[in-house]
Amino acid sequence: MTTHAPSAPPRRRGAYRPPAPIGGRGPLRHSPRHRLTVVAFLAPAIVILTVFVAWPMVSALRLSFTDASGFGREKFVGLENYTRVFTDPDIVSAMGNTALYAVLFTPIAIALALAFALLLNNPLLPLRGVFRTALFTPFIVSLAVAAFAWSYLLDPQIGLLNYWLRSLGIQLGNVLQDPTLAMPAVVLVAVWKSFGFYMVIFLAGLQDIPTSLYEAARVDGASAWQRFRSITFPMLGNTMGFVVIVALIAALQAFDQIYVMTGGGPYGTTQTIVMEIYQSGFRKLELGFASALSYVLLLITLVLSLTQFLFFSRREKDAA
Amino acid sequence: MMKRSLSVLATVGAAALLLAGCSGSSSPAADGPAEITFWHGYTEADGKVLDQIVADFNASQQKYKITTETKTWAVIDDTLLPALSSKEGPQIVAMPAERMPVYADRGAFTDLSDFYASSDSNTADLVPQAVDMVTVGGTPYGVPTGFVPLAMFYNKTLFASAGITEAPTTWDEWVADAKKLTVDENGDGTPEQYGVAIPDHATVANGLWPSLLLSGGGQIVDGDKAAIDSPENAKTIQYWTDAITKDKISPTGLDGIAADQLFSSGKAAMHVGGPWMASIAKDNNIDYGIAALPAGPAEQAASAIGVAMGVTESADDAQRAGAEAFFTYFFQKDVATKWSLASGWPPLRTDIPLSDVSSNPVVAALSEIAPTGRALLPGVVNSTDVISDIDELTQKSVAGGNVSELLSTAQSKIQQAIE
């Protein structure tokens, strides 16, 4: 089966054209007064971004080459902090844990989000609005609050989940202190909280796909799976690219529920890079090292995001 | 034109205000008393008494005025660094004593050697172990506001129904009583009631396993050397691992908070905790008793919970003098007694007799066992990593790991942490 995107109608004389930019055809023709107004409107955002984003980033970069503790005494240590990031066994282990978290979280959250989006995009489904709201609600709950609630649910002594499963003859045990189950448990909480958000993005993407494509496919006798594989999935390319990048960035920044539910334990099996940054900075008062670790995480995130961006851009180009 | 000018003016003004909001606070007034800010984490009734002591101090003289700010201990730990580094910090801070060495090592607190050396500072009779907790490399950086050994809390009702009349005094008695108190009614292998709640990580004030190691004759750190890998510690870890996993006297995988909950819900007959367990037990209608931790093969020792206050590097000379004047006032015998009774912790001065605090039965009971108290990792700067290494050792041991291999690993990790 082949499908074609509807071609744009030929442009006619007098057809709608977007208005020219305010103030003339190009920036060179702006008057000084106009430029001042533009600067005045941009100033609050520029000031806020400079003070709260750019300056801390520059400051952290400087700190990453020092042994700063935050109390004034600091000396330049060159690349020592960066060397330690890749040689300290605890940090290397935290990188492995973060990778495992991302590998578990990203595909599960996206698959669930896409599955529910496809289900809830069906106009024949009753109470669609209620289901959408119900699945989106966890996203607006604070992750720390959700983590506390899940900790109680999973508690081996007083937890409801354990109580119910025990009555069915299933012994869940102490999930959060089990080195094999602790990581899946913290991933589960993040998936539960986040997939509703990704689902809403997929729903928006699904609603942008012209129904005429599905109608044509039905006329051609395409099955539901063929329609999904040949229309839905390719047409969701941009949305998928966006969701994958956002989900991966969220995974690399995993902290809240881990801090609340396991504290990085049992014996470091859920210790992620952000947990290490927090402990280095605020527990051991090693701001220089914490800054270096933050920059390494930033670079990892940047490289992965760019790789995915290029992958999805190329795929879109190939599809076109 | 006018509108544009106004919008530009308003924007620039807003930006200026924003930047002004980020700048440092105003300096203390040139005239009048030196203003001192004091952060502490006493959030219950004890906080009100501490605030009253501060108010009494302010009223007792004209040179200094201390203003208290109450935060939780966790918030103090998380905000002190940014506050001090942005010159917005307090001049006096109280914090868990085991956290003070790392701040002192990084230069956040000032040296109090001269204050301690002064004969009229009222520090001569302070509990020495309490001062050890805030001493780094021989230099004291703080003064204690609380020091109490971990104690055993037991449920008298459950004891009576098991026919036990006295709290255990040795490890063997402890385990034997715990076995009697462990009840698996339906025989499914998971007791409904445990004899004791023994966390294997994140224990109360991180002190349960250090207490057991000390009582067994072992150490964690000896000077600047790790000392965890010793035959004494191997015996202790194996003894308690067997009691937990084979005799099932306690659930596995507990942390300190879960252990508190187990005792307060009546599902554990014995629990090792701090003074706050008295009010938790009372709130949960548990008829409780307090006893010293049972003695091990070597001695009867309990890791202590310590809280201390210090003068931060942001204090100028006048503020520092004011802080030291307050410490001197705080350690006056009558004030120290009042503070002990209100906080529920034993007196910080060794020369306050038990009879002076007998009006509060919890303080009296804890004061009796005070001599068993030992400072946890005194002067160890990187206590965070050492505690985490001990947690890993005990958790893995309870999970079935080889004790001698675990001790060997812990030895090298702790040595690395303290270097």
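The values are calculated or read from the model by the stated rules, or taken from the named source; none is laboratory data. The model shown is predicted, which means the values in this text are computed figures rather than measured ones. Backbone-built Cβ (ideal geometry, glycine too); neighbour counts: all protein chains shown.
Can you find a residue in the stretch A:96-106 that is touching a Phe, Trp or Tyr at 6+ places or on another chain (Cβ under 7 Å) and of a type outside the set (Asp, Glu)? No: zero hits. Of all residues in the stretch B:101-125, those that are away from chain A (no Cβ under 11 Å) and assigned to a loop (DSSP other than H, G, I, E, B) total 11. Considering only residues in the stretch B:226-259 that are more than 18 Å from residue B:386 (Cβ to Cβ) and in contact with a strand residue (DSSP E or B) (Cβ under 7 Å, 6 or more places away or on another chain), the one that is farthest from the other protein chains (Cβ to nearest Cβ) turns out to be B:249.
Taking the stretch B:23-61 as the range and being modelled with pLDDT under 70 and surrounded by 11 or more Cβ atoms within 10 Å (Cβ to Cβ) as the test, only B:28 passes. Scanning the stretch B:262-295 for residues that are assigned to a helix (DSSP H, G or I) and either closer than 26 Å to residue B:341 by Cα or touching a helix residue (DSSP H, G or I) at 6+ places or on another chain (Cβ under 9 Å) (or both) yields B:263, B:264, B:276, B:277, B:278, B:279, B:280, B:281, B:282, B:283.
Given the condition touching a Phe, Trp or Tyr at 6+ places or on another chain (Cβ under 8 Å) and assigned to a loop (DSSP other than H, G, I, E, B), answer yes or no: does some residue in the stretch B:146-159 qualify? Scanning the stretch B:146-159, I find no residue that is touching a Phe, Trp or Tyr at 6+ places or on another chain (Cβ under 8 Å) and assigned to a loop (DSSP other than H, G, I, E, B), so the answer is no.
Looking at this structure, is residue A:140 of a type in the set (Val, Ile, Thr) and under 17 Å from the mean Cα position of the chain (by Cα)? Considered against the rule, which asks whether it is of a type in the set (Val, Ile, Thr) and under 17 Å from the mean Cα position of the chain (by Cα), residue A:140 comes out as yes.
The set of residues from the stretch A:282-293 being buried (at least 22 other Cβ atoms within 10 Å of the Cβ) and either of a type outside the set (D, E, K, R) or on the phi > 0 side of the Ramachandran plot (or both) comprises A:285, A:287, A:288, A:289, A:290, A:291, A:292, A:293. Counting only residues that are surrounded by fewer than 20 Cβ atoms within 10 Å (Cβ to Cβ) and within 13 Å of chain A (Cβ to nearest Cβ), the stretch B:262-276 holds 3 of them. Within the set B:384, B:394, B:350, the sole residue that is in contact with a Pro (Cβ under 9 Å, 6 or more places away or on another chain) and not assigned by TED's automatic domain parsing to the domain that holds residue B:41 turns out to be B:394.
Taking the criterion of being away from chain B (no Cβ under 14 Å) and in contact (Cβ under 8 Å) with a residue 12 or more places away in the chain, the only residue of the stretch A:148-164 that qualifies is A:150. Only one entry of B:365, B:298 meets the criterion of being in contact (Cβ under 8 Å) with a residue 60 or more places away in the chain, out of contact with any helix residue (DSSP H, G or I) (no Cβ under 7 Å at 6 or more places or on another chain) and within 22 Å of residue B:129 (Cα to Cα), and that entry is B:365.
Each row is one residue, and each column tells you yes or no for (1) more than 11 Å from chain B (Cβ to nearest Cβ); (2) touching a residue at least 24 places away in the same chain (Cβ under 8 Å); (3) not polar (S, T, N, Q).
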| position | (1), (2), (3) |
| --- | --- |
| A:260 | yes, yes, yes |
| A:264 | no, no, yes |
| A:271 | no, yes, no |
| A:276 | yes, yes, yes |
| A:279 | no, no, no |
| A:282 | no, no, yes |
| A:286 | no, yes, yes |
| A:291 | yes, yes, no |
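Considering only the stretch A:131-141, I want to know if a residue exists there that is assigned to a loop (DSSP other than H, G, I, E, B) and out of contact with any Leu (no Cβ under 9 Å at 6 or more places or on another chain). So far as the stretch A:131-141 goes, yes, one or more of its residues are assigned to a loop (DSSP other than H, G, I, E, B) and out of contact with any Leu (no Cβ under 9 Å at 6 or more places or on another chain).
Condition check: within 14 Å of another protein chain (Cβ to nearest Cβ), in contact with a Phe, Trp or Tyr (Cβ under 9 Å, 6 or more places away or on another chain), outside any loop (DSSP other than H, G, I, E, B) and of a type in the set (Asp, Glu). Does residue B:77 satisfy that?
Answer is yes for this residue.
Within the stretch A:165-208, the set of residues being part of a helix (DSSP H, G or I), within 14 Å of chain B (Cβ to nearest Cβ) and either buried (at least 17 other Cβ atoms within 10 Å of the Cβ) or in contact (Cβ under 8 Å) with a residue 40 or more places away in the chain (or both) comprises A:175, A:176, A:177, A:182, A:185. For residue B:223, the conditions (1) more than 14 Å from chain A (Cβ to nearest Cβ); (2) in contact (Cβ under 8 Å) with a residue 60 or more places away in the chain; (3) of a type in the set (Gly, Ala, Ser) all hold with the exception of (2).
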